[in-house]
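Written below as structure tokens is the structure these notes are about.
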Amino acid sequence: MYKAGSPSASRSAASGAASGNRVSRHVPQRTCVGCRKRDDQAVLLRLVRVSMEGGNAVRVDEDRRMPGRGAWLHPDTACLRLAVKRSGFPRAFRGSVGIIDVERWFKALGDVPTGNEPKTVQPESGSEI
């Protein structure tokens, strides 16, 4: 009932092609404020600027639901050090911010035993390499 060149014919052809083929979903990309590399949003840690009595502070948004200006960081202490060294937090949050809560979060993350830490030899044992 429709002509081959009509708009309805092209719509039905497109929908038929899409249903037969696998459609890849868009994966949101964000930039780490530390290393400045782009990565999947799911891999990065969301940080949010919150107003405090003495100024602004940065909090870790584990649920990714907090309102406010956000920034993204790899959950790696190397990226945290780079963000501090390169002034990534003031740049991302457009002003000076305190990062004590973020440092506490990383410290707590480092204190959790994973069971696969390398064994270290104490220097006074005489068996260091």
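The values are calculated or read from the model by the stated rules, or taken from the named source; none is laboratory data. Fair warning: this is a prediction, and the values are worked out from it, not measured in the lab. Virtual Cβ from ideal backbone geometry, glycine too; neighbours counted across all protein chains shown.
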Listed by first then second residue, the pairs whose first member lies in region 58-73 and is in contact (Cβ under 8 Å) with a residue 24 or more places away in the chain and among the aromatic types (Phe, Trp, Tyr), whose partner is surrounded by 16 or more Cβ atoms within 10 Å (Cβ to Cβ) and in a loop (DSSP other than H, G, I, E, B), with beta carbons under 8 Å and at least 6 positions apart or on separate chains, are TRP72/VAL33; TRP72/LEU44
Being over 13 Å from GLY55 (Cα atoms) and loosely packed, with under 15 Cβ neighbours inside 10 Å is the filter here; which residues of region 85-99 pass it? LYS85, ARG86, SER87, ARG91
Can you find a residue that is out of contact with any strand residue (DSSP E or B) (no Cβ under 7 Å at 6 or more places or on another chain), more than 27 Å from GLU53 (Cβ to Cβ) and at pLDDT 90 or above anywhere in region 105-124? no
